[in-house]
Amino acid sequence: MAQSDRGKIELFYDFFSEDDVANTAPSRPLGPFIVGGQGSEATDAGVPAIAGMVSGAGRITTTDEDNHTTLVGTNTAFSASLNGPIVLEARVQLDNLDTKEVFFGLSDIDPATLSIETDVMTGATATLTLTASDLCGFFLSAELSDDEDWHMVYNGGSTTGETDSTAVDADDDAVAGEWQVLRLEVDANGTARWYIDGILKQTVSGAVSTTTVMGVTLGVEAKGAAIENLDVDYLLVQANRDWTV
């Protein structure tokens, strides 16, 4: 097929602009990404810029309804075998670690109305329920026993998705008000690597399907009757272009 020197895909957003919380479109642009999620069209959900934040940052904001998600991400458009290696990186912080779930990674779920618990995965005590047939990324849940720790989750590849949260615990707690850099790398053969603040935490061969088309999600979900936030300094996605189409 026709090719050029534009063989690399790079999506980057620095959150100097904002998505108005009064924007009621269910899927709307924010830089090269989209804002979506179940409930994100409500007038109290969105991604406003954080006033006075040096270097710029956005606040991904949910409604105050249980299982409502607000996310920044992409449509399902990445295949490990055709676009790999795929790199996702974000610098994030939480104002608190209560009554919320966070997912940052890839899944085969359309982002427009995605709910983390309903469509992707959830956690309770030490058990992970992997709802999406294909997912790979970082997960934090107030409903897990280790409720402040990042978990390195996967499903859909040649290696069976782990449902014991203690087996994929990064032993690297999120701390309220402190920034962390989360990085996920997925090779063309489905091998995935998870990094936190530049330190390799886990490598899994065959973590994801090499052929399933997936999209990026950086999202937070309310697990009760409170508005939940996830602050993000930047979001980066890198991949190779598929020249076969």
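The values are calculated or read from the model by the stated rules, or taken from the named source; none is laboratory data. What you see is a predicted model; the values in this text were computed from it and never measured. Note: ideal-geometry Cβ built from the backbone for every residue, glycine included; neighbour counts use all protein chains shown.
Quick notes
- Among the candidates Gly190, Gly224, Gly206, residue that is in contact with an Asp or Glu (Cβ under 7 Å, 6 or more places away or on another chain) and either at pLDDT below 95 or over 22 Å from Ser141 (Cα atoms) (or both): Gly224
- Of all the listed residues (Arg59, Arg6, Arg91, Arg28), the sole one being without any contact (Cβ under 8 Å) to a residue 12 or more places away in the chain and either touching a strand residue (DSSP E or B) at 6+ places or on another chain (Cβ under 6 Å) or more than 15 Å from Asp233 (Cα to Cα) (or both) is Arg28.
- Residue in the range 13-32 that is part of a loop (DSSP other than H, G, I, E, B), closer than 27 Å to Val186 by Cβ, within 18 Å of the chain's Cα centre (by Cα) and among the charged types (D, E, K, R) present: yes
- Any chance Asp187 is on the phi > 0 side of the Ramachandran plot and surrounded by fewer than 19 Cβ atoms within 10 Å (Cβ to Cβ): no
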